[in-house]
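> Okay, here's the structure, questions in a sec.
What follows is calculated from the coordinates using simple rules that are stated; it is not laboratory data. Small disclaimer: the values here were computed from a predicted structure and weren't measured. We place every Cβ from the backbone using ideal geometry, glycine too, and count neighbours over all the protein chains shown.
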Amino acid sequence: MFKKRKKSRIIHTKKKNKNKISRNTFYINGTSDKILFGVVAILTLLGVLMIASAGVVYADVRFDDPYFFFKRQIIGVVLGFIGLFVFSYIDYHLYRRWALVIFGVALFLLFLVLLPGVGAEAYGANRWIGIGPMSFQPAEVMKLALILYVSAWCAGKGKKIITDFQNGLVAFLSIVGLACMLILMQPDVGTTVMLGAIAVGIFYLAGARLSHIATIGGLGIVALVGLIVIAPYRMARFTAFIHPEADLQGIGYQIQQALIAIGSGGIFGVGLGHSMQKGLYLPEPVGDSIYAIIAEELGMFGTIGIVILFILLAWRGLNIAVNAPDMFGRLVAGGITIWIVGQAIMNIAAIIALMPLTGIPLPFISYGGTSIMFVLMSVGILLNISKQIQTS
């Protein structure tokens, strides 16, 4: 967990009160983390390039436009980078005051998804809200909203209350449980697990007892086993993970095709644009399976390069969290880093058959307008926190 820093210099816009950050501070003049921005820019550009390559056949067959996914992703990236720059100039302390409102709006959007005629169904799940020709995924909003609210809640309570059973553990589970329940109703177990991991990570960084973290972990495992057992399609997916060769034409098809793509790429890959698996063999080549296409076209060097970029992102994100001026900033930075890096680990692990498929996208790279916009806006918040760090 984070320890309180003895010294930290914070940039102020008001000279009268040097002991407190002004609530009217919106623009910070410090220097943002250039390494973090560079890593994010490279990952995003690589994502756009790979979507253009991986989606041509699938988009042509499904939408009669080879660059359908590419053009949609460009819109999301442009809006995302606009959000990144805007959020990098807004003082992150503002979100502490509005955290409850933001969380409430995210809950309301998740509720709207479940309403007939409002939520858009796809692949047997209601996870989107249709807005004309576009669609919007509220679960991505909730990831950021939960980070802000849980961070504000933990920072406001203090370690004494955080470590209390009733006011700490039970209250925390009530907050997170409400958000997770609405996402489970879509249904979306992968996002639920990710959301829980983010919240627990923040709770730990805030000073929660290890016994409470273990209790949450135990309850989570029991709940996950129960969800797998009661849903035949989840049980089939888990069985395919244990014995992928048992149903190669059914539930085990995607992971087998992903492994074929990874094996075909070898060390140097078959070359950009020359993937065979994207030709309607591998399901969701621009979505959660895009890492397999990268492995096929760019080879082992390409996949290792992506892993290194996410390691660099984790390093810079945790560095910002450790050195943030206050507890709220530390928890928000830590939560955002856990979100991005944790989601990348889940996606890559599933594609290389180290865990069951979850449908979790690869941050910055997988297709998804809502996902790329909110993850880039979150990076903007990280950059703003980094601007307020001054080394002595």
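> Around TRP128, which amide H atoms from residues at least 5 apart in sequence, or from another chain, sit under 5 Å from its own amide H, with H modelled in the peptide plane?
Answer set, sorted by chain and number: ALA120.
> Assign unit charges at the C-beta atoms only (+1 for Lys and Arg, -1 for Asp and Glu), then state the dipole size of the stretch 47-162 relative to its Cα centre in Debye, rounded to the nearest 20.
Its charge dipole is roughly 720 debye.
> Report the one residue of ASN167, ILE198, LEU259 whose Cα lies farthest in the direction of the positive end of the charge dipole of the chain (charges on C-beta: Lys and Arg +1, Asp and Glu -1; origin at the Cα centre).
ASN167
> Taking Rh as the Kirkwood radius computed over C-alpha pairs, what is the Stokes-Einstein D of the chain at 20 °C in a medium of viscosity 1.002 mPa s, expressed in µm² per second?
This corresponds to a translational diffusion coefficient of 98 µm²/s.
> From the phi of every residue in the stretch 262-269, what ³J(HN,Hα) in whole Hz does the Karplus formula 6.51 cos²θ - 1.76 cosθ + 1.60 yield, where θ is phi - 60° and glycine or proline is x?
After applying 6.51 cos²θ - 1.76 cosθ + 1.60, I find 5, x, 5, x, x, 7, 9, x Hz.
> I've got another one for you. Using Cα atoms only, what is the angle between the long axis of helix 34-54 and the major principal axis of the chain, expressed in degrees (0 to 90) to the nearest 10?
Helix 34-54 and the main axis of the chain meet at about 20 degrees.
> Please list, in order along the stretch 61-76, the HN-Hα scalar couplings obtained from phi with the Karplus expression 6.51 cos²θ - 1.76 cosθ + 1.60 (θ = phi - 60°), rounded to whole Hz, x for Gly and Pro.
6, 7, 10, 6, 8, x, 10, 4, 5, 4, 5, 5, 5, 4, 4, x
> Right, here's the next one. Among 342-351, 179-188, what's the highest-first ranking by average C-beta atoms within 10 angstrom per residue?
342-351, 179-188
> Residue by residue through the stretch 301-309, which ³J(HN,Hα) values in whole Hz follow from phi under the Karplus form 6.51 cos²θ - 1.76 cosθ + 1.60 (θ = phi - 60°), with glycine and proline marked x?
Along the stretch 301-309, the couplings run 4, x, 5, 5, x, 5, 4, 4, 4 Hz.
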